[in-house]
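Here the structure comes first, spelled out in structure tokens, and everything after it is commentary.
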Amino acid sequence: MPDMLLELFSEEIPARMQARAAADLKKLVTDGLVEAGLTYASAGAFSTPRRLVLTIEGLLAESKPVREERKGPKVGAPEAALQGFLRSTGLTQDQLQIRDDKKGQVYFAVMEKPGRSAPNIIAGVLEHAIRNFPWPKSMRWGAGSLRWVRPLHSILCILSAEDGAQVVPVTIDHLQSGNTTEGHRFMAPGRFAVTGFDDYCTKLRRAFVMLDPAEREAAIWQDAQNQAFASGLEVVPDAGLLTEVAGLVEWPVVLLGRIGKDFLGLPPEVLQTSMKEHQKFFSVRNPKTGRIEGFVTVANRETADHGATILAGNNKVLSARLSDAKFFWENDLRTVAAKGLDGMGAGLASVTFHNKLGSQADRVQRIAALAREIAPMVDADPDLAEQAARVAKADLQSAMVGEFPELQGTMGGYYARAAGLPDAVADACKAHYSPLGPTDDVPSDPVSIAVALADKIDTLTGFWAIDEKPTGSKDPYALRRAALGVIRLVLGNGMRLPLKMSLFKAVFGHSFETWLQSKTVGANQAIDGLAELGYGKTLDAMKEAMSAEAKSLGLKAVDEKLTSAMTAADSLLTFFHDRLKVFLRDEGIRHDIIDACIAMPGNDDLTLLVNRARALNGFITSEDGTNLLQGFKRANNILTQAETKDGVEYSYGADIKFAETDAERALFAALDTAETTIKPAMEAEDFATAMAELAKLRAPIDAFFEAVQVNADSEVIRRNRLNLLHRIRAACAPVADLTKIEG
Amino acid sequence: MDCQSRQPLQTFFARHNQANKRGIDPVGPFAYSMRKTRFSRKGMRMTQKPTPPRSFQEIILRLMTYWSGKGCAVLQPYDMEVGAGTFHPATTLRSLGNKPWAAAYVQPSRRPTDGRYGENPNRLQHYYQYQVLIKPSPPDLQALYLGSLEAIGIDMDLHDIRFVEDDWESPTLGAWGLGWEVWCDGMEVSQFTYFQQVGGHDCHPVSGELTYGLERLAMYILGVDHVMDMPYNDPDAPIALKYGDVFRQTEQEYSRWNFDQANTDTLLQHFKDAEAECLATLAADTVDSAGRRIIMAHPAYDQCIKASHLFNLLDARGVISVTERQAYIGRVRALARACADAFVKTEAAGAELETL
């Protein structure tokens, strides 16, 4: 059983694409081989900046021959039928066999496909893989038309067995496969031949190429830690950077450098960001102080001066970068000292957030008002929340954030402290952007929560007000992420926020803001007055209670704004519910269970909704719950049918004196007990107790259906039993809408 | 007639091949062997190392000599204000069509927004790019490029050269390509791009483009921290001039003019005029009054360059809002595309001339 070695040697492959490309190569080639009948024992793929490598062990030397028989027309059948059969099989008439069949003689075609040799199959599979490789971006070069991620220079493809190695001949445009490759670009240039994977690895290593990216990562990390440790320092872990750096070198050489004294006073985030983003350096810190004092850079070669020149060059580049950063930092601090953090953010007035939603300064105004409103619900000081919202975006105007956008918020925190603002305000500068992703931490400081919620609600309601909702795969304003952020903020802090009201008021504010720009009346007063009227009241009631200012805007126009704000708030709440379903699905809660809870009142209180859903999920997935659900559905079906048929509602007056059987009487008793427990439990939002109580109904309900025929001959007894079924439905009703649950 | 076929591969690779034939012991990555180093440095390289250059102009002259030796036509800067060497018609237009091409030149480049009154050590509103364009891109373009670094005094045995992913896109030219920024010891010293599309046209064959930021590269090689302190001519010349002696005052004057003085109404009018002239030139009958068929792709493209620079000036004056920006870029791109459409119909692009 031969082994196969394949190397695709090219100019430098972007680091971020290498791992995926190695995996794709393995899949494309091995799938192709197996499909053509060549199975194998094991396969492995590797990558360096200049090569993708695939090794396959224990490959079949050839595919098995395949014999296929096909039955054709009868002998003597019309000529057309015979010709058709010959065409479809590709045979001539003399190659057909004639066999006896039940109804006479029949033509048979016997086609033998001989086995194909491994080289033959590999050549075809390889050409297909190279021509159809799924690079995220590919290019042409020179005068050719072949596409690869960067110019492809050579193809090494050999099959090796005990009797030696042979080149698998493959020709792709100007490239002819061979058995040679190159080592390190600078340390060992020139081509050499190999006889198999082991030989390849050995010779590559001799030519200063470490083939396995995992080995390069491990070597970099090990050596970086050792060098840092020897200097009494430690490397700040960064797995993403490690993978990237390992994809930039074939022969990693770790160099440890020190950051110049002048720059040690910069915030650690600035040092880290500047070093990582621009230079791909690891940060090295002093374990005693936590201060970033050094860096690790990974070169791609050894030198006679042990990297001294390389390190000096890197140090120089870093100093230039950090001089810039220091200039920005000092400049920004001067601005804050002279004009305060608000002063720094003054320019936000001329930065457009969205042409229908005004400037960043307009947005800050809205967020500040909203944060003040939300503050009492999270036990935050309204003044602090408003103050934090007013300065939280000021750092967008700082020189540092201009250079390093990823430091937004972080710099705000530093500048807020420099301006002497309270800690809660400074913390909110950074925390109000959180949570950014599904795994990001949720802020827990009350002021931060208030501003974070206000920020996201303003964004969501703004885009809903101007009808720029996410569609399908398009979500340019990251509104899904904002909604998930609100959900996680609310749930993570156990907040009881009547979301619908907040959404309505904010959407209403947005549409009025745009509309009122041309109005001269006391616009703000009118908006406040209208918003206070609240969501959920009828339009008439709202119009009734409108202030004189509001009325002066014109009843019809106000009416339109109110209606559209209500519609938008409803649609936005549905959007929240959809995001919540995705969020809870990860917890293993089915969408129909969530639907059963969304159908209940108070569904805009996300904490209540989720508590209910979690309890219901636990209940429904238990044995008692499953059976109770069956009992409920049976009761509900019988009752609904009877109500439809009779045109009446059986909802009152089940009386135990008409009970005929013990099972019936037991159900009466069980419902009496259940009702007395469920009601107070529901009032206390104690879903667990309520559902445990429901579970106790399972046995009596099962026994009831076992022993009793609801549709009795006696109309009195039938009605009584239907009314009893209603009590089952009623007992379940406050918990969740069980009709929504499948199964 | 491209570089690669004209010139035998330079000594760079030949030397390395010899080194390899001697064989190298396998060692771990961090167990560095001094024996091997002495061998490769002393035995193979020491005598051939070029002396380090002494001035900014020497670096330019060496690049000229090197690329001239590799078969490139050494052109002179284009006589118009441009933002980058790519705008030179020797790159933009000549990367179109199927005729082989190889050119190298210095291009003074202007970026009005980068002006810092000559005070910032690394930023200038007027600087030089060195540009090489070869079509089709030769298979050894990376090796040729590395040879140019050696020619300007970068010792490959002591420095760490890396090709780091960096895709290039010019929204104003409707152009893009894939390639790298080249790092020397962590510093970006060049852009290396395989053009895929220019002016909305697919590049067939593909051109390889090299762009060196000359000031930054020279500062690194010469060990200078502030651009104005860099020796422009030889430091031992009877009249030794530093970069600052040549350019500090002009940096101040242009920074002031770009940021404060340039009349924006005039600039705006010039932009409109250039745009109109470009389109009118392209719309003209291809046959002139004497019956000659002449497509005026280059004169039209001059107007496109002009519009692009005027846009940069307006941008520096801060009179272009974020939304308008995209619209202006789109207008310049439309001109670039129209010029490209015209150029591909000309002889220089390899088009078959219609007989009249």
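Which members of segment A:151-166 meet the condition of being within 14 Å of chain B (Cβ to nearest Cβ) and either assigned to a loop (DSSP other than H, G, I, E, B) or modelled with pLDDT under 95 (or both)? The answer is A:Pro151, and nothing else. You will find that of B:Ala104, B:Ala143, the residue that is in contact with a Leu (Cβ under 8 Å, 6 or more places away or on another chain) and assigned to a helix (DSSP H, G or I) is B:Ala143 and no other.
I want to confirm something. Restricting to segment A:706-740 and keeping residues that are β-branched (Val, Ile, Thr) and part of a helix (DSSP H, G or I), which single residue is farthest from A:Asn636 (Cα to Cα)? Per the stated criteria, the residue is A:Val716. So if I check each of A:Ile122, A:Ile130, which one is at pLDDT 95 or above and either closer than 25 Å to B:Glu165 by Cα or part of a loop (DSSP other than H, G, I, E, B) (or both)? Matching residue, one of A:Ile122, A:Ile130: A:Ile130. Can you name the residue in segment B:297-356 that is among the aliphatic types (A, V, I, L, M), more than 14 Å from every other protein chain (Cβ to nearest Cβ) and without any contact (Cβ under 8 Å) to a residue 60 or more places away in the chain and is also farthest from B:Phe87 (Cα to Cα) among such residues? Across segment B:297-356, the extreme among qualifying residues is B:Leu314.
When the residues of segment A:12-49 are narrowed to those that are part of a helix (DSSP H, G or I) and acidic (Asp, Glu), which ends up nearest to A:Phe133 (Cα to Cα)?
A:Asp24
A count restricted to segment B:194-212 and to residues that are facing chain A (nearest Cβ under 10 Å) and assigned to a strand (DSSP E or B) stands at 5. Selection of segment A:106-117 for residues being surrounded by 12 or more Cβ atoms within 10 Å (Cβ to Cβ) and assigned to a strand (DSSP E or B) yields A:Val106, A:Tyr107, A:Phe108, A:Ala109, A:Val110, A:Met111, A:Lys113, A:Ser117.
A:Phe9 falls short on exactly one of the conditions (1) more than 14 Å from chain B (Cβ to nearest Cβ); (2) in a strand (DSSP E or B); (3) surrounded by 14 or more Cβ atoms within 10 Å (Cβ to Cβ), and that condition is (1). Against the numbered list (1) assigned to a loop (DSSP other than H, G, I, E, B); (2) of a type in the set (Val, Ile, Thr); (3) crowded, with 17+ Cβ neighbours inside 10 Å, B:Ile305 comes up short only at (1). Please verify whether A:Leu606 is under 22 Å from A:Ala695 (Cβ atoms), of a type outside the set (S, T, N, Q), modelled with pLDDT of 90 or more and touching a helix residue (DSSP H, G or I) at 6+ places or on another chain (Cβ under 6 Å), treating the condition exactly as stated. When the stated conditions are applied, A:Leu606 does not pass them.
For every residue, the table says whether it meets (1) within 20 Å of A:Glu12 (Cβ to Cβ); (2) within 13 Å of chain B (Cβ to nearest Cβ); (3) in a loop (DSSP other than H, G, I, E, B).
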{"residue": "A:Thr181", "(1), (2), (3)": "yes, yes, no"}
{"residue": "A:His184", "(1), (2), (3)": "yes, yes, yes"}
{"residue": "A:Pro189", "(1), (2), (3)": "yes, yes, yes"}
{"residue": "A:Phe192", "(1), (2), (3)": "no, yes, no"}
{"residue": "A:Thr202", "(1), (2), (3)": "no, yes, no"}
{"residue": "A:Met210", "(1), (2), (3)": "yes, yes, yes"}
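Of the residues A:Gly72, A:Gly76, the single one that is within 27 Å of A:Glu112 (Cα to Cα), outside the structural domain of A:Met139 (by TED's automatic domain parsing), in a loop (DSSP other than H, G, I, E, B) and over 31 Å from the mean Cα position of the chain (by Cα) is A:Gly76. The residue list A:Ala666, A:Ala688 contains one member that is small (Gly, Ala, Ser), assigned to a helix (DSSP H, G or I), farther than 28 Å from A:Arg612 by Cα and assigned by TED's automatic domain parsing to the domain that holds A:Ala712, which is A:Ala666. When we screen B:Leu124, B:Leu144 for residues that are in contact with a strand residue (DSSP E or B) (Cβ under 9 Å, 6 or more places away or on another chain) and more than 11 Å from chain A (Cβ to nearest Cβ), the only hit is B:Leu144.
Quick one: count up the residues across segment A:230-274 that are among the polar types (S, T, N, Q) and closer than 23 Å to A:Lys326 by Cα. So the answer is 3. Scan segment A:242-257 for residues that are closer than 17 Å to A:Val317 by Cβ and either modelled with pLDDT under 95 or within 26 Å of the chain's Cα centre (by Cα) (or both) and the total you get is 1. Considering the conditions (1) in contact with a helix residue (DSSP H, G or I) (Cβ under 8 Å, 6 or more places away or on another chain); (2) within 14 Å of chain B (Cβ to nearest Cβ), A:Thr273 is excluded by exactly one of them, (2). Residues in segment A:300-325 that are among the basic types (Lys, Arg), in a helix (DSSP H, G or I) and within 8 Å of another protein chain (Cβ to nearest Cβ): A:Lys316 only. Would you check if there is a residue in segment A:494-517 being among the polar types (S, T, N, Q), over 29 Å from A:Asp559 (Cβ atoms) and either surrounded by fewer than 22 Cβ atoms within 10 Å (Cβ to Cβ) or at pLDDT below 85 (or both)? No; the residues of segment A:494-517 include none that is among the polar types (S, T, N, Q), over 29 Å from A:Asp559 (Cβ atoms) and either surrounded by fewer than 22 Cβ atoms within 10 Å (Cβ to Cβ) or at pLDDT below 85 (or both). Among the residues of segment A:167-176, at least one is part of a loop (DSSP other than H, G, I, E, B), at pLDDT 95 or above and surrounded by fewer than 18 Cβ atoms within 10 Å (Cβ to Cβ). Of the numbered criteria (1) outside any helix (DSSP H, G or I); (2) surrounded by 17 or more Cβ atoms within 10 Å (Cβ to Cβ), the one B:Asp225 fails is (2). For segment B:147-171, a residue qualifies if it is outside any strand (DSSP E or B) and within 16 Å of the chain's Cα centre (by Cα), and the qualifying residues are B:Ser148, B:Leu149, B:Asp166, B:Asp167.
The values are calculated or read from the model by the stated rules, or taken from the named source; none is laboratory data. Just so it is clear, the structure is predicted and the values come from calculations on it, not from any experiment. Neighbour counts run over all protein chains shown; Cβ positions are idealised from the backbone, glycine included.
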